[in-house]
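Just below is one structure, and these are the notes that go with it.
Please treat every number below as a calculation from the coordinates, not as lab data. Given the structure is predicted, the values throughout are model-derived calculations rather than measurements. Here the Cβ is made from the backbone with ideal geometry for all residues, glycine too, and neighbour counts use every protein chain on show.
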Protein chains: 4
Amino acid sequence: MNKSVAFFGLGHMGGPMSANLIKAGFNVTGFDPVKELLNLAAEHGVKKSASPLETITGADFVLSMLPNGEDVEALYIDDEKLLDHINRKTLVIDCSTVAASSSRRLITEARKRGLRAIEAPVSGGVAGAVAGTLSFMCGGEAADVDAARQLLQHMGSNVFHAGSAGAGQTAKMCNNMLLAVHMIGTAEALQLGVDNGLDPKVLSEIMLKSSGANWSLEKYNPYPGVMENVPASNNYEGGFMVKLMCKDLGLAQQAATASKTYTPLGSLARNLYGLHLMAGNEKLDFSSIQRIFGRTN
Amino acid sequence: MNKSVAFFGLGHMGGPMSANLIKAGFNVTGFDPVKELLNLAAEHGVKKSASPLETITGADFVLSMLPNGEDVEALYIDDEKLLDHINRKTLVIDCSTVAASSSRRLITEARKRGLRAIEAPVSGGVAGAVAGTLSFMCGGEAADVDAARQLLQHMGSNVFHAGSAGAGQTAKMCNNMLLAVHMIGTAEALQLGVDNGLDPKVLSEIMLKSSGANWSLEKYNPYPGVMENVPASNNYEGGFMVKLMCKDLGLAQQAATASKTYTPLGSLARNLYGLHLMAGNEKLDFSSIQRIFGRTN
Amino acid sequence: MNKSVAFFGLGHMGGPMSANLIKAGFNVTGFDPVKELLNLAAEHGVKKSASPLETITGADFVLSMLPNGEDVEALYIDDEKLLDHINRKTLVIDCSTVAASSSRRLITEARKRGLRAIEAPVSGGVAGAVAGTLSFMCGGEAADVDAARQLLQHMGSNVFHAGSAGAGQTAKMCNNMLLAVHMIGTAEALQLGVDNGLDPKVLSEIMLKSSGANWSLEKYNPYPGVMENVPASNNYEGGFMVKLMCKDLGLAQQAATASKTYTPLGSLARNLYGLHLMAGNEKLDFSSIQRIFGRTN
Amino acid sequence: MNKSVAFFGLGHMGGPMSANLIKAGFNVTGFDPVKELLNLAAEHGVKKSASPLETITGADFVLSMLPNGEDVEALYIDDEKLLDHINRKTLVIDCSTVAASSSRRLITEARKRGLRAIEAPVSGGVAGAVAGTLSFMCGGEAADVDAARQLLQHMGSNVFHAGSAGAGQTAKMCNNMLLAVHMIGTAEALQLGVDNGLDPKVLSEIMLKSSGANWSLEKYNPYPGVMENVPASNNYEGGFMVKLMCKDLGLAQQAATASKTYTPLGSLARNLYGLHLMAGNEKLDFSSIQRIFGRTN
């Protein structure tokens, strides 16, 4: 018999993720305060629910994909208090990107009630959510992460166990800080080459086969026209929005301040993305940082 | 009949490079003002020469691997004036890492005399020189670069033609600036993870399969103990010295200032490496930048 | 009849501050968990107290100078719960440097109990505490700040009212971030001048009369030998410790992250001071940042 | 009898400077390739000259205020070769802001011909040029600088002797780098305060009397509405243009790269001003950097 999933948050990420679960044969009951998103999900086969409590009835898994930590804590603990109503056989999987302290609180509170819960923030963006190729960076008990694989494997191609509660958030935060650094670094290197007479395609090919190689250069070249099917060749539309990168870089800096870690490039990356956002680019793809370095269009 | 090569500069890089040419069957005559280096090269079969002029006699190729632009310009133009003595059938290949303006001067002066010359700075370090897996980033006429391949292929695995005179230096400078940025970014991300409870190996594996992936993480992990056979697991000895990275980052910033290009992360990378050098670490491998972020030993 | 003061925290700052209150005729009862500090204060006329509760008996003012926000909240609210015992006529003045949110909590909790409280973090360092020339940056009700002046004026030369609860901490945090920025900037400018042949004294004089002028240059020149009676001319001993500057810069970055403010130089200043601290300089004066830029000794 | 001055470069700075010399009783003959500027200067009493050679006839002083080093070297050495025609009694004073190496070349070439020359770059901007309150940062022989005072004192209030040839340029470059750093730092601190609820006027007053004090805060507050009669309260028009600050910061970074000096904040300041320029703000006053940090209007 098919397993059932209670799915909270059906936006840009949650929508396609729930569609992949339907395709894999799960019964998915969904909830989202935005009716349009709920209706859209229903078209892909998600059963609409009228309230959080109704959503979790009989669920084998509760999965949430919410904008921030306040939302997560409100749903499970402070407002809707779902943890007080979830069945002990149910596995809670929070895929939201939040502070590690939020995830730790969720998992601790779940355990107090005899429940199993893990965090599983994702990387891969909307494209990965649609294609089912996300990476999940999980934190929590190993057994719980293993139990979650039967679900997560239908939405992503990698399920990592980063460590105990909070470790998944920490891994994602570190990864995205590093991503921001090499995206900006790649944009700078390409601009410096172009301003000194190089063809950005030739330079990209050389660096990709040399020690400058990195994911931004390989999968997501920020210079317009170098690579097809990336946001840079589509006016920086689609992809991973600047405002979401700013959110992740803010989480990284909060953590760095708390742990007294010093990250000069990571800090500067947050500031450059923040200034880019304030100049009116919050909804562009994050590779649009290329634009601040030159007149590329 | 075997081709002959006049080889100038037989240090850490030139020594093993000349050895690979010998292995490939070239007759190599070498010159270096440091007698010990010349004797060492002779053990690998390089014929010792007593003067620059004697070295080039009958050479099919003149290859130089010198510390900086002043040395290159002194050898070919200003002091030894080799360009006034080199035969027109000879191809000049300068593998030194210098400012693009130096390479342009060399190639322009060569052409004035009816000679063919290219620049071919390398990436890959001492290990690449020994293994014969260097990358050559060439600038000059396409036909000349093609003619150089029969020689360069025995010392490296990639021969890139970046563009006209100076383009090879520009490509290398861009590549190494990007390398510095993602090396420091990788070190910061690993430290942030460790300070927040992650295992550096686990975090490295996760980021390597995610969007944080880059060459430093894949080939040259800067955190001690994560990867075998890298400088980080050998007290940061061997490898690519901090002072050489500082030299390359200085060239990049000179170029950026001249072309009015703005490279905030690249500039900060130069400053961080420079401060690391001044703290007494000039001879350590460049991945030792990890040390400034924490107590990793 | 003389007013009485309950004084918590008698360390490097609280010690000399309490001594100045004694000189001004106040009856001061002091408490500090470190017995040596309490004994030292007693030599200046502070009456020793055995417990927090005993300390506040009959006090017109309760003044605290503690290391961080956790200490402040523990004393007044969470552990010792002093706010539940303080008399309504008493004015609470917290001089500790803490997050604005901590000050807001203290003042809000005080008001719930019908008490008056302000925050009054200081600038001026140990020298200012000894000389009685501190600046107090107060947050809270204007009437309460005015009532505090009769006390504060004996320990400092400026009493600023920055705004409502939390504003004093915010003002101090902004001021110290700016101080860090121009101290590092001054050190860089002096080093750049010296490395290009200038005499640091002559350059300091010129910039002081030009648009480069700032407090670091005028009162606290970081280059050894330029100015007498500053830490730079005393091996960077005494003064305002690197670890305290790091604490303040951490508070500024926490606030900047929370308010989504972007402070590229302020962020870099935190990172540079943090790296300086980790290199073993936490107890040196903050002008010792000059040392990272060159061999100044 | 009145002394006569040959004045080259009658733009925003040279125009009012020449007017002040006329007021002081000098006979000024002027030259500028832009006819409108020459005509404008003529209205203030400058005698128009048709060629560089004609301009210097009978001059006691030759004064130049040109856009960059190429212009200076072209006028005196490479193109117009004025140094070959200037009389030995004449004192050459170059007020242009150029690289120290340019000034050194000018002064060296002058000496070869038995001529006296100094560099005297200025700070104080257009307002200082009009008011006659410029600061001159001179490099060259002490006797020559002293001889120049009788002229310079009528255009400025400070005449500093920074050292030998090139030292004046170095001092200016250091000063302006520091100015850029504290201007940006001031803008960040004000924005951080405002975003956390402070009144920018109150915060400015507090920091001005505290350790955050600096010239930007005292004379040139970048936050709109805090101070009257500054560019910030006039849509950032007038004052010292962003493009000129970028030029000076570029000179500082060229020098820092050459002398292997590390200036992390100075480098970041160059990059932030450069990105601000590229976003279309090159003609605004440099205090407009405040705008990148928030919605201040």
Fill in the blank from the handout: Ranked by GNM mean-square fluctuation in chain A (Cα springs under 10 Å), the top entry among A:217, A:151, A:198 is A:198
Practice task
Could you run the Karplus curve 6.51 cos²θ - 1.76 cosθ + 1.60 with θ = phi - 60° over segment D:30-44 and give me ³J(HN,Hα) per residue in whole Hz, x for Gly and Pro?
Solution key: x, 9, 7, x, 8, 4, 4, 5, 5, 5, 4, 5, 4, 4, 8
Handout entry: Summed side-chain charge close to residue B:149 - residues other than residue B:149 whose Cβ falls under 15 Å, Lys, Arg +1, Asp, Glu -1
Key = -3
Completion exercise
Rounded to the nearest 5, the percent of antiparallel DSSP beta bridges in the protein assembly as shown equals 15 percent
Handout entry: For residue C:110, net neighbour charge (Lys/Arg +1, Asp/Glu -1) across residues whose Cβ lies under 15 Å away
Key = 0
Fill in the blank from the handout: Here the relative contact order (percent) of chain A, from C-alpha pairs under 8 Å and at least 6 apart, is 12 percent
Completion exercise
Farthest towards the positive end of the dipole of segment A:170-293, among A:251, A:183, A:203 and with Cβ unit charges of +1 on Lys and Arg and -1 on Asp and Glu, lies the Cα of A:251
Practice task
Please give the net charge around residue D:98, taking every other residue with its beta carbon less than 12 angstrom from that of residue D:98, where Lys and Arg add +1 and Asp and Glu add -1.
Solution key: -2
Practice task
List the trypsin sites (Lys or Arg not before Pro) within segment C:76-182 that fall in a DSSP loop (any state other than H, G, I, E or B) and whose Cβ has at most 16 other Cβ atoms within 10 Å.
Solution key: C:81, C:88, C:89, C:113
Practice task
Quick one: among D:177, D:13, D:207, which has the greatest mean-square fluctuation in a GNM of chain D with alpha-carbon springs under 10 angstrom?
Solution key: D:207
Fill in the blank from the handout: Whole-Å distance linking the alpha carbon centroid of segment D:70-89 with that of segment C:66-133 is 69 Å
Practice task
Using amide H atoms built 1.01 Å from N in the peptide plane, name the residues 5+ places from residue A:28, or on other chains, whose amide H lies under 5 Å from its own.
Solution key: A:5, A:47
Practice task
Mind putting a number on the dipole of segment D:4-165 about its Cα centre? Charges go on the C-beta only, +1 for Lys and Arg and -1 for Asp and Glu, and I need it in Debye to the nearest 20.
Solution key: 420 debye
Handout entry: Cα pair distances in the protein assembly as shown, grouped into 10 Å bins until the bin that holds the longest one, percent each
Key = 2, 9, 15, 18, 19, 16, 10, 6, 3, 1, 0, 0
Handout entry: Column: log10 I(q)/I(0), Debye, Cα scatterers of chain D, q = 0.08 Å⁻¹
Key = -0.37
Exercise for the section: Rank A:170, A:257, A:97 by mean-square fluctuation in a GNM of chain A with C-alpha springs under 10 angstrom and give only the top-ranked residue. Expected result: A:257
Handout entry: Of all DSSP beta bridges in chain B, antiparallel share, percent nearest 5
Key = 15 percent
Fill in the blank from the handout: Phi-derived 3J(HN,Hα) across segment A:62-69 with the Karplus relation (6.51, -1.76, 1.60, θ = phi - 60°), rounded Hz, x for Gly and Pro, is 10, 10, 10, 9, 10, x, 7, x
Exercise for the section: Compute the Cα gyration tensor for segment A:1-146, then decide on rounded, prolate or oblate, letting a ≥ b ≥ c be the square roots of its eigenvalues: rounded whenever a/c is under 1.5, prolate when a/b is larger than b/c in the other cases, and oblate in all that remain. Expected result: rounded
Fill in the blank from the handout: Any residue on another chain or 5+ positions along whose placed amide H is under 5 Å from the amide H of residue D:159 is listed here as D:136
Completion exercise
Ignoring GluC sites (Glu not before Pro) buried by more than 11 other Cβ within 10 Å or outside DSSP loops, the longest site-free run in chain A is A:1-227
Completion exercise
Under Stokes-Einstein, segment A:170-293 at 25 °C and 0.890 mPa s, with its Kirkwood radius over C-alpha pairs, diffuses with a coefficient in µm²/s of 167 µm²/s
Handout entry: Rounded Å value of the spacing that divides the Cα centres of segment D:165-213 and segment D:226-292
Key = 12 Å
Practice task
Report, in degrees rounded to the nearest 10, the 0 to 90 angle that the Cα long axis of helix D:167-195 makes with the longest principal axis of chain D.
Solution key: 20 degrees
Handout entry: Helix-only [θ]222 nm of chain B, DSSP H runs n ≥ 4, -39500 (n - 2.57) each, per residue, nearest 500
Key = -13500 deg cm²/dmol
Problem - Karplus 3J(HN,Hα) series, Hz, for segment B:138-148 with 6.51 cos²θ - 1.76 cosθ + 1.60 (x for Gly, Pro) - result: 9, x, x, 5, 4, 5, 5, 4, 4, 5, 6
Problem - segment C:4-164: relative contact order in percent, alpha carbon pairs under 8 Å with at least 6 residues between - result: 19 percent
